[in-house]
1. Find, among the trypsin sites (Lys or Arg not before Pro) in segment 121-197, those assigned to loop by DSSP (not H, G, I, E, B) with at most 12 other beta-carbon atoms within 10 angstrom.
2. Taking the 0 to 90 degree range and rounding to the nearest ten, how far is the long axis of helix 328-340 tilted relative to the main principal axis of the chain, both from C-alpha atoms?
3. At 1.567 mPa s and 4 °C, plugging the Kirkwood radius over alpha-carbon pairs of segment 21-176 into Stokes-Einstein gives what diffusion coefficient in µm²/s?
4. Roughly what percent of Cα-Cα pairs across segment 42-90 reach past 12 Å?
5. Cα-based Rg (one decimal) and Dmax (whole number) for segment 25-115, in Å?
6. When the dipole is taken about the Cα centre of the chain, and only Lys, Arg (+1) and Asp, Glu (-1) are charged at their Cβ, what size is it in debye, to the nearest 20?
7. Leaving out ligands, DNA and RNA, what percent of the accessible area of segment 8-340 is carbon and sulfur, probe 1.4 Å?
8. So how do 60-72, 332-344 stack up, highest first, on mean other-Cβ count within 10 Å?
Amino acid sequence: MSAPDTSPLLRALRGDRPDRLPVWFMRQAGRSLPEYRAARRGTAMLDACLTPALAAEITCQPVRRHGVDAAVFFSDIVVPVRLAGVGVQIAPGVGPVLERPVRTAREVAALPELDPAALEPIREAVGLAIAELGPTPLIGFAGAPFTVASYLVEGRPSRELALTRALLREDPSTWHALLGWVARASTAFLQAQIEAGASAVQLFDSWVGALSEADYREAVMPHSAAVLAAVRGLGVPRIHFGTGTAHLLCALHEAGADAVGVDAQTPLDEAVATLGSRVPVQGNIDPQVLGAPWAVVDEHVRDVVRRGAAAPAHVVNLGHGVPPDTDPDVLTRLVALVHSLGSGSEPSPERGPPVAAETTS
Ligand code: CP3
């Protein structure tokens, strides 16, 4: 059974203000939870992603513990790369590491196409997760072509993305062939999750903020737009997220998203001023604040919700992923706080009562 359209998350993603603000966290299914560490013990990250019962269990853990309004599928942006037959692992504490980086026209041409049949463990894991989640929606996801390509080109996590940006600039035809390949793999990954019952999807372009808007629009956006367009007819809302993207918010929306994820560097009211009053936003609690005393967390969350009131609809989230050292109890408390704030659009006491209109009589 998939989640009903009346769930707070799905209503907000369609531009509505439900009575309760929906909240979930990027990287909620992961290292901050002791039950995650226990479940994962002895299993490599990508093997865990491809073991359906384990992936489903980890997907459900944060819903049970925190009462978040959505589960996010436990997987990784490089899972479709692995399923296509490319040698990649996730090194603990580091991230995706390729056996051989992909940098030349020949290496790109040799990338094997992902056979949709290989996605069976993904469909199975999604099916098991939604059976347990009942009315709570499951968010499926994929990596956007730029961010996944950056791992293929660099071979491992890199701050500067120098080789990626050099390829983009110096060899456009290889670049476009590479992004086309990733776009097809990410599309198949998303389609499998939606067909198996995911109620919404998020396209992660975590590192795209490294590009200028002109480079984004020319060299990247058509490929992200192709992924978002391919799942458009499947009837689930699409969230598009990146970090360092204050200058790219409109482009992320124009690529074909129903809602835009905002990082912690851009206040939500400013993001709304940029995006216009019709685009639902998601975000953008500063992950670093989670380690502060509760009074600081409380004030910051209220500020985020107040600024989010400028949007037609708001899905509360962090501006990026949960840091691994986060105290899980802070996340549970934060969910309760968000849920105590109603639809998020009422005037809050700190703002004072609404100013009465002047009477002329
Ligand atoms: O959000 C969730 O809880 C669902 C699962 C999820 C993971 N990765 C699990 C994971 C999701 C949505 C992702 C997406 C992902 N993966 C992104 C985009 C989101 C983002 O945070 O920017 C990126 C860039 C990756 C690539 C990746 N995978 C990196 C950079 C790392 C290492 C950093 C780290 O946190 O360890 C991973 C590993 C990874 N992916 C872990 C998890 C739970 C940690 C694995 C472990 O337990 O050792």
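The values are calculated or read from the model by the stated rules, or taken from the named source; none is laboratory data. These figures come from a predicted structure and were not determined experimentally. Heads up, the Cβs are rebuilt from the backbone with ideal geometry, glycines too, and the neighbour counts pull from every protein chain shown. Note: areas computed on protein heavy atoms with side chains; ligands, DNA, RNA excluded. Shrake-Rupley method; radii C 1.70, N 1.55, O 1.52, S 1.80 Å.
1. Of the trypsin sites (Lys or Arg not before Pro), the ones in loops of segment 121-197 whose Cβ has at most 12 other Cβ atoms within 10 Å are Arg159.
2. It works out to around 50 degrees.
3. It diffuses with D of about 77 µm²/s by this estimate.
4. For segment 42-90, the share of Cα pairs beyond 12 Å comes to 63 percent.
5. Cα-based Rg and Dmax for segment 25-115 come out at 15.2, 48 Å.
6. Its charge dipole is roughly 340 debye.
7. Roughly 51 percent of what the probe reaches on segment 8-340 is carbon or sulfur.
8. Descending packing order for the listed peptides: 60-72, 332-344.
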